[in-house]
């Protein structure tokens, strides 16, 4: 029988919902040394999550205490968006000593519903949150302790939340390996409307124009089209829930998009400089996106290398790139099974690209920018 | 003194314009064994292209013949879109034995201007084309013989083009390593409006909405936003030329987008099933995009692997993935300089993902889907 961890996330933790995110929270908390309990009305999901080591099943008493006599200190509600308020209200009632949070991708509407259901004294123990991580997969099999590593995790206190509850939820996020970003529920919803839901919808609008195209036309597709439309392949049922739950800020942004679209339509026909103005604003917009791990935006360059399709060639390339002292930020392989070589894109900081080209060229690689 | 190559692209070739595409055409043709001459009124670009081995400079006589007495058989016009018709007309006049092509990204409008300038007998020797390859860089330093390898190259004959001229231009594309896609100039312009210019504009509309966002909101940015907005960072001056030159089909598609946008705006406020209909159509649209090298669309899955930031670990991962017998189609590194491990995304065919996860897990990698 051990006491609560002296540092790290508060525990014992109860995770309600053994899907992708709930199971990953359990795995990440276990990695951090916390005691985790799991609940889900889907028994098979629960068994999978338990077998993967995400937490204990059935070891909480009717009094909301663990078998060794500890009160649950934190409940993480990881259920579909439409059920968050109901499960959070039940958790506040069942675990009167616990802080309650959820991980849904929209924050203002569930809070409004929850606040109408519970006593003002109880809502103080609720602080919503939203880890900016996911996967194209779903369910406990797709879960991973590493899912949140280095990702942003929004913590969204309402005005009457207890300061200690905010601290507890922030410690949960950090304990899972994430970086905490604190903002109000309304701010959060506007932010994700802009950086996630709007990009999704414009990707959808691009992809839906492809249906009418002759197959031959699509042979001219390039990487630009693949990049713009990648997210549009996401699950329509899930996305409809998210978009409808966040309709207000999204509709506001879409009106701005329609104004820009009308300006483009007017300008294109006449070669008007208004077209350039929209293109210029977009370039400035892309420069505001932070680098992958929250650092300031960085200007990156791509270096292309032809790599023979023989075992060991990629390993040799990475060794040579490593010896050059240039940090490779990202890479892509463009491999054509029908050809004897593949093209590898190495993404590096612009000022280092020349050095990398020179170093690889000196070792006999066919390389260009 | 050697005769023209018995197989492969017709030569001698004259490439007019020593920018990225022109210099790359020269390098690719030289790789294929063809004789190449270069011209550009920008002397410094010309010298760079020559020094890189893209072709000979100043060795064409006033009679349009090479020093060793051969007629130029093919002229590749690789100048900015606005100058294509003028340079193509001059080339048809100066090289009466030659086929003339260009590599601009819009085909109908330059053809219309050219046809108004030259005799019907001469226009038969002109066949436009468009290699679907580029780079974020420009100029002869960024050129590469490999630029067109495995890419589509549209060949766009007009109704009065000589069959032999079409064959010559198709052989040029194949000689540069590309795959030929033949269609009319109007079809080409509609196809690129849909697969390139429209995605560019919707990426632009997404990115321009970022300007008004508080910096803190942008901390919630994820890979989806980066993917959708990547192309919006492209050169506004160049894109304005392309978009205005292809305004007619683009405006037609943008009206379709505006109809979809209005349906979304109407549906979002009421949770209407029309939202799902647009999302469903988009999923179907993404499934029509061919795989990278022109094969049928394939369903791919992502496998995530945590890789310790130590020399040799990536090489060991590729060796282990290779041993599993699963073909890695693409990969990305998500490397956080502040953390001791990086996440590597391996893109594989869906049916092989389970096998890869198992094989890597058995060798001790921390891996998930």
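The values are calculated or read from the model by the stated rules, or taken from the named source; none is laboratory data. Note that the structure is a prediction, hence the values are computed from the model and not measured. Note that we place each Cβ from the backbone using ideal geometry, even for glycine, and neighbour counts take in every protein chain shown.
Some observations on this one:
- Look at (1) modelled with pLDDT of 75 or more; (2) in contact with a strand residue (DSSP E or B) (Cβ under 7 Å, 6 or more places away or on another chain); (3) more than 9 Å from chain A (Cβ to nearest Cβ) and you find that residue B:306 fails only one, number (3).
To keep it simple, each residue is scored yes or no on (1) more than 7 Å from chain A (Cβ to nearest Cβ); (2) in a helix (DSSP H, G or I); (3) under 28 Å from the mean Cα position of the chain (by Cα).
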residue: B:255; (1), (2), (3): yes, yes, yes
residue: B:259; (1), (2), (3): yes, yes, no
residue: B:278; (1), (2), (3): no, yes, no
residue: B:282; (1), (2), (3): no, yes, yes
residue: B:290; (1), (2), (3): no, no, yes
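- Every residue from segment B:318-332 that is within 30 Å of the chain's Cα centre (by Cα) and farther than 10 Å from residue B:356 by Cβ: B:318, B:322, B:329, B:330, B:331, B:332
- Within segment B:93-103, being within 12 Å of residue B:16 (Cβ to Cβ) and touching a helix residue (DSSP H, G or I) at 6+ places or on another chain (Cβ under 8 Å) holds for B:98, B:100, B:101, B:102, B:103.
- Residue check for residue A:245: at pLDDT below 95 and crowded, with 21+ Cβ neighbours inside 10 Å: yes
- Test: residue in segment B:253-268 that is at pLDDT below 90, farther than 30 Å from residue B:113 by Cα and in the same structural domain as residue B:206 (by TED's automatic domain parsing): no
Quick grid of which residues meet (1) within 14 Å of chain B (Cβ to nearest Cβ); (2) outside any loop (DSSP other than H, G, I, E, B); (3) surrounded by fewer than 20 Cβ atoms within 10 Å (Cβ to Cβ); (4) touching a helix residue (DSSP H, G or I) at 6+ places or on another chain (Cβ under 7 Å):
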| residue | (1), (2), (3), (4) |
| --- | --- |
| A:110 | no, yes, no, yes |
| A:114 | no, yes, no, yes |
| A:147 | yes, no, no, yes |
| A:167 | no, yes, yes, no |
| A:204 | yes, yes, no, yes |
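- Tally of residues being within 14 Å of another protein chain (Cβ to nearest Cβ) and free of Cβ contacts under 8 Å to residues at least 60 places away in the same chain across segment B:150-163: 5
- Residue within segment B:112-126 that is under 30 Å from residue A:361 (Cα atoms) and within 23 Å of the chain's Cα centre (by Cα) present: no
- None of B:139, B:175 is within 14 Å of chain A (Cβ to nearest Cβ) and touching a residue at least 60 places away in the same chain (Cβ under 8 Å) except B:139.
- Every listed requirement among (1) over 22 Å from residue B:177 (Cβ atoms); (2) within 27 Å of the chain's Cα centre (by Cα); (3) not in a loop (DSSP other than H, G, I, E, B) is met by residue B:106 save one, (3).
- Residue A:269 at the interface with another protein chain (Cβ under 7 Å from one of its Cβ atoms) and farther than 22 Å from residue B:233 by Cα: yes
- Screening segment B:63-79 for residues that are at pLDDT 85 or above and in contact with a helix residue (DSSP H, G or I) (Cβ under 7 Å, 6 or more places away or on another chain) and picking the one that is farthest from residue B:9 (Cα to Cα) gives B:79.
- When the criteria are applied in full, residue B:129 meets the requirement of being within 30 Å of residue B:233 (Cβ to Cβ), touching a strand residue (DSSP E or B) at 6+ places or on another chain (Cβ under 8 Å) and not in a helix (DSSP H, G or I).
- Neighbours by Cβ (under 9 Å, 6+ apart or cross-chain): first from segment A:338-350, not assigned by TED's automatic domain parsing to the domain that holds residue A:314; second in a strand (DSSP E or B) and at pLDDT below 65: none
- Hey, residue B:232 closer than 30 Å to residue B:10 by Cβ, facing chain A (nearest Cβ under 7 Å) and assigned to a helix (DSSP H, G or I) or not: no
- Tally, over segment B:221-244, of residues that are closer than 17 Å to residue A:287 by Cβ and touching a helix residue (DSSP H, G or I) at 6+ places or on another chain (Cβ under 6 Å): 11
- Restricting the first member to segment A:206-217 and to residues that are at the interface with chain B (Cβ under 7 Å from one of its Cβ atoms) and more than 17 Å from residue A:231 (Cα to Cα), and the second to residues that are in a loop (DSSP other than H, G, I, E, B) and at pLDDT 95 or above, the beta-carbon pairs closer than 8 Å and six or more apart or on different chains are A:216/B:183; A:217/B:183.
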